[in-house]
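First comes the structure, then the notes that go with it.
Each value in this text was obtained by applying a stated rule to the coordinates, not by laboratory testing. Computed from a predicted model, the values in this text were never measured in an experiment. FYI the Cβ positions are ideal-geometry reconstructions off the backbone, even for glycines, and counts take in every protein chain you see.
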Amino acid sequence: MTEPNLSPNQERIASDIHKLASLTNPSKPGWTRRPFTSWYALGREWLQEQMAELHMSVHYDAASNLIGSIPGSESELKPIMVGSHTDTVTGGGRFDGIIGVIAGLELVRVLRESGITLRHPLEIVDFTAEEPSEFGISTIGSRGMVNNLTEEMLLRQDPNGLVLKEAIVLAGGNPDLISEQARKPGDVALYLELHIEQGPILEQSLHRLGVVTGIVGIHRYRIVVEGSPNHAGTTPMTMRSDALTGAAQLVLELEALMNLAYEESVVGTVGKLNVEPNASNVIPGRVEFDLEIRSINSSILVDIIAVYQEKAKRIAHQRGLAIQFDSLSKSEPIRVNNEVQSGIRSACQQTGSTLDLPSGAGHDGNQISRIAPIGMIFVPSKEGRSHCPEEWTSQEDVALGVEALIRAVLLFDQR
Ligand code: HGY
Ligand code: MN
Ligand code: MN
Ligand code: MN
């Protein structure tokens, strides 16, 4: 029997990427579609239309994830789930998350055009708010799908006073049903995600497909440094409790800690910082910043934060500051199980040159791995850039990744 034609349609994929890129906030840099915004709703409306055109049954689950599904020939089997996210960081690119959802649409189109019916039911998911949201939490939809959103998280407010619970309702969910509807271990046969690498390894090693071996855990904290606001001209240097110079020392202390040697790679970043009252002639009285550290080894994350908090206490004492640490969110590192890795590796090797590598980015797979085996395929990022307008992956590489994903779904569907 000749192999059916599994090659995805490059132009169709490119036009889908182009369409979603047009549904972004023009007043922001890059391609910005923040969760729970009108641009996000427009993007999801378009997605729903594509799913409906493919005769998928479309619904929003209790956590407001958008799900398109098609039945399999053996309805008693648990679904294979393919997905990612269509929200972006502010000033983000056109590919992060987006290619994984569009790959799901293209998978359904190729199955239809090749006359293939899977044994397993298939679900294509756009997970809500994978990126760190204004509520300080990332992977909101996939956390909700596996019942990993605490009541405290659901009651958090964004800077405009919107409560996360309300935001989920506005996005099509029903938070009161999250725990009742949550997926449990065994409810999903396998979760697969195609994603850009967002790093330089595939490009530098001249490989076109990546078999993801594991995903880092991310621990995020909000730190508030309280000093005393005062006149910038009349306050002697020896009489200041300057919240910003204290915060600056804390940021550099994190960098120094990250540059020490550990048995596994660790990275740490402060990417968001607010100064109050933020006036050139007032000694800053209060600084609030978000800090995150990432590693594939969770005990390193815990140890480093403990060391860092001790350093922060010393800096606070030396500078006459008060420092408060609040945990924003934690995701645990995960390893992709060997059976899934080998299935993905063989699907990729039938498609293009393949390399095993870990993910330094977090993904919805961190959450879904709590209830199902997960696997990921990477495609190269030009110069390793991501979370910026320069983020780029060629349409040939995207299409190759989609083909590898299609092959992986067919391979696992037969198991
Ligand atoms: O931040 C991350 O790791 C991912 O891009 N959300
Ligand atoms: Mn991202
Ligand atoms: Mn992503
Ligand atoms: Mn190789």
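Can you tell me which of F325, F135, F36 moves the most in a GNM of the chain? Springs connect C-alpha atoms under 10 Å apart.
Per the Cα network of the chain with a 10 Å cutoff, F325 tops the list.
Take every Cα pair under 8 Å in the chain that's 6+ residues apart, average their separations, divide by the length, and report that relative contact order as a whole percent.
Over the chain, the number comes to 23 percent.
Compute the separation of the alpha-carbon centres of region 212-245 and region 338-389 and state it in Å as a whole number.
36
Please check which bits of region 129-151 a label hung off L162 would reach, taking the label as a point 7 Å along Cα-to-C-beta and the cut-off as backbone N under 18 Å.
Under cut-off, by backbone N: 129-142, 144.
Take each of the peptides 190-199, 39-48, average the number of other beta-carbon atoms within 10 Å over its residues, and list them starting from the highest.
On the way: 190-199: 25.8, 39-48: 19.1.
Listed from highest to lowest mean packing, they are 190-199, 39-48.
Work out from phi, with θ = phi - 60° and the Karplus expression 6.51 cos²θ - 1.76 cosθ + 1.60, the ³J(HN,Hα) of each residue of region 122-127, listed in order in whole Hz, and give x for Gly and Pro.
10, 10, 10, 10, 9, 6
Each label point is 7 Å from the Cα along the Cα-to-Cβ direction; what then is the distance between the points at E253 and N338, in nm?
4.4
To the nearest 0.05, how large is the calculated FRET efficiency for I116 and H59 if R₀ is 30 Å and r is the Cβ-Cβ distance?
E(calc), rounded to 0.05, equals 0.80.
Measuring from centroid to centroid over Cα atoms, what is the spacing of region 254-281 and region 58-136 in Å?
Here the answer is 34 Å between Cα centres.
Out of T238, T24, T37, any idea which swings most in a Gaussian network model of the chain, alpha carbons joined below 10 Å?
Among T238, T24, T37, the largest mean-square fluctuation in the Gaussian network model of the chain belongs to T238.
For region 328-339, just list the computed ³J(HN,Hα) in residue order, Karplus coefficients 6.51, -1.76 and 1.60, θ = phi - 60°, integers in Hz, with x standing in for Gly and Pro.
Here the 3J(HN,Hα) series is 8, 6, 9, 10, 8, x, 9, 9, 7, 5, 4, 5 Hz.
Apply the Karplus parameterisation 6.51 cos²θ - 1.76 cosθ + 1.60, with θ equal to phi minus 60°, to every residue of region 232-238 and state each ³J(HN,Hα) to the nearest whole Hz, in sequence, with x for glycine and proline.
6, x, 9, 8, x, 4, 7
Show that you can apply the helix-only estimate: for the chain, add -39,500 (n - 2.57) for every DSSP H stretch of four or more residues, divide by all residues, and state [θ] at 222 nm to the nearest 500.
Calculated at 222 nm, the ellipticity per residue is -10500 deg cm²/dmol.
R0 = 25 Å: FRET efficiency of N274 with E383, Cβ-based, nearest 0.05?
The calculated FRET efficiency here is 0.25.
For a quick check, take a GNM of the chain with Cα springs below 10 Å and name the residue from I305, I80, I371 with the largest mean-square fluctuation.
In the Gaussian network model the winner is I305.
Go through 361-367, 391-397 and give me the packing order, highest mean Cβ count within 10 Å leading.
Result, highest mean first: 361-367, 391-397.
What number in nm² do you get for region 1-95 if you take the convex hull of its Cα atoms and divide its surface by four? Spell out each step's value before the answer.
On the way: hull surface 32.8 nm².
The number I arrive at for region 1-95 is 8.2 nm².
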